[in-house]
Amino acid sequence: MAEGFQVFPDDIGASAGKLLEIGQSLGSDIDSFQAQTESLTSGFGDDDLGSAIATIYQAASEAAFESFHDNAEGLGEIGQELQAMAEEYSQIDVAHQEAFQQLMGRMT
C-alpha cells in the first residue's frame with residue numbers, strides 16, 4: 001500500500017520567498033559582474049588580434065550573461081509559482097476544515 005504525503009503550505013511559502021530573494025539577488029550580482037567584466041574589455045588592445053579577440057569575447061559574453069539572467073529570472077518564476085501553490089494548498093485546507101466542521105455540525 002502506498003504511503004501518503006503531507007503538505008506544509010507555510011514551509012512552501014517560506015521557500016518560495018527565499019527563491020524570489022535569491023533570484024533578485026542573483027540578478028543584481030550578475031549585473032554587477034557584467035559591469036566589471038565590461039570595464040576590462042579595453043585590455044584586448046587596438047591591433048587586429050585584439051579586435052578579433054574582443055569580438056569573440058563580446059559574443060560569448062553576451063550569450064553567457066543572457067543565460068545567467070534567464071536562470072536568475074527562472075528562480076524568481078519558480079518562487080512565484082511555489083507561492084501560488086502554497087496559497088492554493090492553504091485555501092484547500094481551509095475549505096476542507098470548513099466542510100468537515102459543517103458535516104460534524106449536522107451529525108450532532
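Note down the Stokes-Einstein diffusion coefficient of the chain in µm²/s, whole number, using a Kirkwood radius over alpha carbon pairs, 4 °C, and 1.567 mPa s. Estimated diffusion coefficient is 72 µm²/s.
When only the Cβ of Lys, Arg, Asp and Glu is charged (+1, +1, -1, -1), the dipole of the chain relative to its Cα centre reaches about 560 debye. Our estimate of slack between Ile56 and Ala99, defined as 0.36 nm per intervening residue step minus the Cα-Cα distance, is 9.1 nm.
Solvent-accessible area assigned to carbon and sulfur over the chain amounts to 56 percent, based on a 1.4 Å probe. Just to confirm the number: angle between the C-alpha axis of helix 9-38 and the first principal axis of the chain, 0 to 90 degrees, nearest 10? The answer is roughly 10 degrees. Relative to the longest principal axis of the chain, what angle (0 to 90°, nearest 10) does the C-alpha long axis of helix 48-107 take? The angle comes out near 10 degrees. Helices in the chain, meaning DSSP H runs of at least 4 residues, each add -39500 (n - 2.57). Divided by all residues, the mean residue ellipticity at 222 nm is -31000 deg cm²/dmol.
Taking 0.36 nm per residue of sequence separation and removing the Cα-Cα distance, the Ala64/Thr41 pair yields an extension gain of 6.7 nm. With a 1.4 Å probe and every protein chain left in place, work out the accessible area per residue of the chain in Å², rounded to a whole number. Value for the chain: 78 Å² per residue. For Ser25 and Glu87, a Förster radius of 30 Å and the Cβ-Cβ distance give a FRET efficiency of 0.80, rounded to the nearest 0.05.
In this simple spin-label model, placing a label point 7 Å from the Cα along the Cα-to-Cβ direction at both Glu77 and Arg106 gives a separation of 4.4 nm.
The values are calculated or read from the model by the stated rules, or taken from the named source; none is laboratory data. Quick caveat: nothing in here was measured; it's all calculated off a predicted structure. As a convention, Cβ positions derive from the backbone with ideal geometry for all residues, glycine included, and neighbour counts pool all protein chains shown. Each accessible area value is taken on the protein alone, full model and side chains, heavy atoms only, with ligands, DNA and RNA left out. Shrake-Rupley method; radii C 1.70, N 1.55, O 1.52, S 1.80 Å.
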